[in-house]
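Q: Just dropping this structure here.
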Amino acid sequence: MNRIYNFGAGPAVLPLPVLEEASRGILEIGGSGMSILEVSHRGKVYETIHRDAGQRLLSALSLSADDHVPLFMGGGASLQFAMLPMNFLTPEKTASYVNTGEWAKKAIQDAQQFGKVNVVASSQDSNFSYVPSSARPAPGSAYFHITTNNTIEGTEWPGVPETGGVPLVADMSSDILARAIDYSRFDLIYAGAQKNAGPAGVTLVIARKSFLAGAEENLPPMLSYKAQAKGNSLYNTPPVFAVYVVDLVLKWVEEQGGVGAMEEKNRRKAGVVYEALDRHTDTYEPTVTQKQDRSLMNVTFRLRDTAREEAFLAGAKTRGMEGLKGHRSVGGIRASLYNALPQEACTALATYLDEFAAGKAA
Ligand SMILES: *Cc1c(COP(=O)(O)O)cnc(C)c1O
């Protein structure tokens, strides 16, 4: 099998040992005589996986089951854009948001259907090229929503903002498990799994129990955090296979040394790519203006001569590097360096960046 270096933004590269284990699970799981695709979601085999995945998720983020509840939801991170305000925002209440990119914008638009939205800071007028990280929520807000990593624009919050007691909510779709930040500062975290935590089809939600206690009651159970927590994410058939693979990814993260070790590796990986870009500023133009806001996960840049971008991508492909095309809304180049992408891929990309800049790799 010839595995390419997959720099795609999502669905994205998964660790090879996880894929190998999952392929065995597709044939037979846990001595059941059945595939993971065939077992009942109420049976013992899946129940164990489901519970294990939740426990591993909390432990990876250094959170305790006494205070936090993990949920496995359908509908992608995009459903959370609506579900969050549906559960915590009413016409009389205000929620504070920071507009740091295309995904944040969608979260804001959905929230506006349910209550007042105060966009306390935005970097839209400079093409989202930085993170307004001194932003604070308006006092009394129902919650403060941030997007910790802006997958399309290549920026990342450099730290966790102070909120003055306002509950903190984050879309962590593209950086959960990649950085050893203080996850306990967040009252609700959500993340589509397909960037850094598993396959498409499941969304991770981690909520502080005391925050959940204030959620709306009168909602259809599929859209109610309280009902989902009460049913242990088994109100309906959960995305069994996706949760299984998330569990395998979480085991793999543990074997790598946990989230702290992942961050160290990710810093080395992103380091070699950004250093190569910075060596050749006459060829490459980074799209993020503040170095402290540069994403560890999604490195975005343009060629000064945009007419050469197609040639750049074609040359990368002949060297076994794919998925480097920027998001269709912004263009340019984007290299996504999620947890499962090996160091060698980043070294190969850095070498290519050097050679292309020197005119040796047309
Ligand atoms: C990919 C992504 C989304 C959308 O995720 P879906 O699971 O496709 O709905 C939302 N937010 C961020 C930050 C993302 O990277």
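Q: Describe numerically, in nm with one decimal, the distance between label points set 7 Å from Cα along Cα→Cβ at Thr306 and at Glu264.
A: 4.2 nm
Q: Using 0.36 nm per residue, how much length does the chain from Leu19 to Asp125 gain when fully extended, once their Cα-Cα distance is taken away?
A: Extra length from Leu19 to Asp125 when fully extended: 34.0 nm.
Q: Under the rule a/c < 1.5 gives rounded, and otherwise a/b versus b/c splits prolate from oblate, where does segment 121-279 land using the Cα gyration tensor?
A: oblate
Q: Could you compute Rg(Cα) / (2.2 N^0.38 Å) for the chain, with N its residue count?
A: This ratio for the chain stands at 1.00.
Q: If you don't mind, another one. So how do Glu92, Glu285, Glu102 line up by other beta-carbon neighbours within 10 Å, fewest first?
A: Glu92, Glu285, Glu102
Q: For the chain, with a Gaussian network of springs between Cα atoms less than 10 Å apart, report the residue from Arg24, Arg294, Arg334 with the top mean-square fluctuation.
A: Per the Cα network of the chain with a 10 Å cutoff, Arg24 tops the list.
Q: Something else about it: Sort 148-157, 34-43 by the packing proxy (mean of other Cβ within 10 Å over each peptide's residues), most packed first.
A: Highest-to-lowest ranking by the protection proxy: 148-157, 34-43.
Q: Put a dot 7 Å past each Cα toward the Cβ at Tyr235 and Lys209; how far apart are the dots in nm?
A: About 2.0 nm, to one decimal.
Q: Using only the Cα atoms of segment 107-153, construct the convex hull and provide its projected area averaged over every direction, in square nanometres to one decimal.
A: 3.8 nm²
Q: Right, something else. Roughly what would the spin-label model give for Arg319 and Arg185, points 7 Å off Cα along C-beta, in nm?
A: 3.7 nm
Q: Viscosity 0.890 mPa s, temperature 25 °C: Stokes-Einstein D of segment 210-362 from its Kirkwood Cα radius, in µm² per second?
A: Estimated diffusion coefficient is 133 µm²/s.
Q: Over 20 Å between Cα atoms, which of Lys209/Lys230; Lys105/Lys291; Lys116/Lys230; Lys317/Lys360 qualify?
A: In this structure, Lys105/Lys291; Lys116/Lys230 exceed 20 Å between Cα atoms.
Q: How big is the dipole moment of segment 108-202 about its Cα centre under a simple scheme where the beta carbon of each Lys and Arg is +1, that of each Asp and Glu is -1, and everything else is neutral? Debye, nearest 20, please.
A: Dipole magnitude for segment 108-202 comes out near 120 debye.
Q: What's the magnitude of the charge dipole for segment 41-147 around its Cα centre, counting Lys and Arg as +1 and Asp and Glu as -1 at the beta-carbon? Answer in Debye, nearest 20.
A: That gives a dipole near 140 debye.
Q: Let me ask something additional. Which whole-angstrom value gives the distance between the alpha carbon centres of segment 117-138 and segment 206-246?
A: A separation of 30 Å, based on Cα centres.
Q: So for segment 101-203, considering every pair of alpha-carbon atoms, how many percent are separated by more than 21 Å?
A: For segment 101-203, the share of Cα pairs beyond 21 Å comes to 32 percent.
A short reminder: the numbers here are calculations on the coordinates, not readings from a lab. Because the structure is a prediction, the values reported are computed rather than measured. Cβ sites come from the backbone with ideal geometry, for glycine too, and all protein chains shown count toward neighbours.
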